[in-house]
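Enquirer: Okay, here's the structure, questions in a sec.
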Amino acid sequence: MEAKKVVIDRPYITLGQVLKEEGVIPTGGAAKWYLKENTILVNNKADDRRGRKLYPDDLVTLPDGHQLQIESK
């Protein structure tokens, strides 16, 4: 499965922001609970910090196997 590209126009985006912008969670506030109940991989390592900064070339893997590739504009 090919990773979906997430293009950012700033140096980084937080994990919580990506989850919200990609429709994984309804609001930014839901990130805390979502990350406690689900395993998210950032560059193939589990991470549960909603404030985790994601930079271009970072790869986020969701529990269902979908992947999000962070890219710069």
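Enquirer: Multiply the residue gap between LYS73 and ASP9 by 0.36 nm, knock off their C-alpha separation, and tell me the result in nm, one decimal place. Could you put the intermediate results ahead of the total?
Expert: Details: separation 64, 0.36 × 64 = 23.04 nm, distance 0.53 nm.
Gain in length upon complete extension: 22.5 nm.
Enquirer: A further question follows. How large is log10 I(q)/I(0) at q = 0.19, 0.26 Å⁻¹ when the Debye formula is applied to the Cα atoms of the chain, each weighted equally and without solvent?
Expert: -0.68, -1.33
Enquirer: Relative contact order for the chain: what percent, with Cα pairs under 8 Å and sequence separation of 6 or more?
Expert: Averaging sequence separation for qualifying contacts and normalising by length gives 42 percent for the chain.
Enquirer: Could you count how many Lys pairs in the chain have their Cα atoms under 20 Å apart, skipping same-chain pairs fewer than 8 positions apart?
Expert: Counting lysine pairs in the chain gives 18.
Enquirer: Which percent, to the nearest 5, of DSSP beta bridges fully inside the chain are antiparallel?
Expert: Bridges in the chain are about 65 percent antiparallel.
Enquirer: Right, another one. What whole-number value in Å² describes the accessible area per residue of the chain for a 1.4 Å probe?
Expert: Heavy-atom accessible area per residue stands at 64 Å².
Enquirer: If you stretched the chain out fully between LYS53 and LYS32, how much longer would it get, using 0.36 nm times the residue separation minus the C-alpha to C-alpha distance?
Expert: Once the chain is fully extended between LYS53 and LYS32, it gains 6.1 nm.
Enquirer: Tell me, what % of the accessible area of the chain is carbon and sulfur with a 1.4 angstrom probe?
Expert: 48
Enquirer: Expressed in nm to one decimal, what extension gain is obtained for the pair HIS66 and ASN43 from 0.36 nm per residue of sequence separation less their Cα-Cα distance? Walk me through the numbers before you get to the answer.
Expert: Values: separation 23, 0.36 × 23 = 8.28 nm, distance 1.32 nm.
Going from the current span to full extension adds 7.0 nm.
The values are calculated or read from the model by the stated rules, or taken from the named source; none is laboratory data. If you're wondering where the values come from, they're calculated on a predicted model, not measured in any experiment. Heads up: the accessible areas ignore ligands, DNA and RNA and are worked out on the full protein's heavy atoms, side chains in. Shrake-Rupley method; radii C 1.70, N 1.55, O 1.52, S 1.80 Å.
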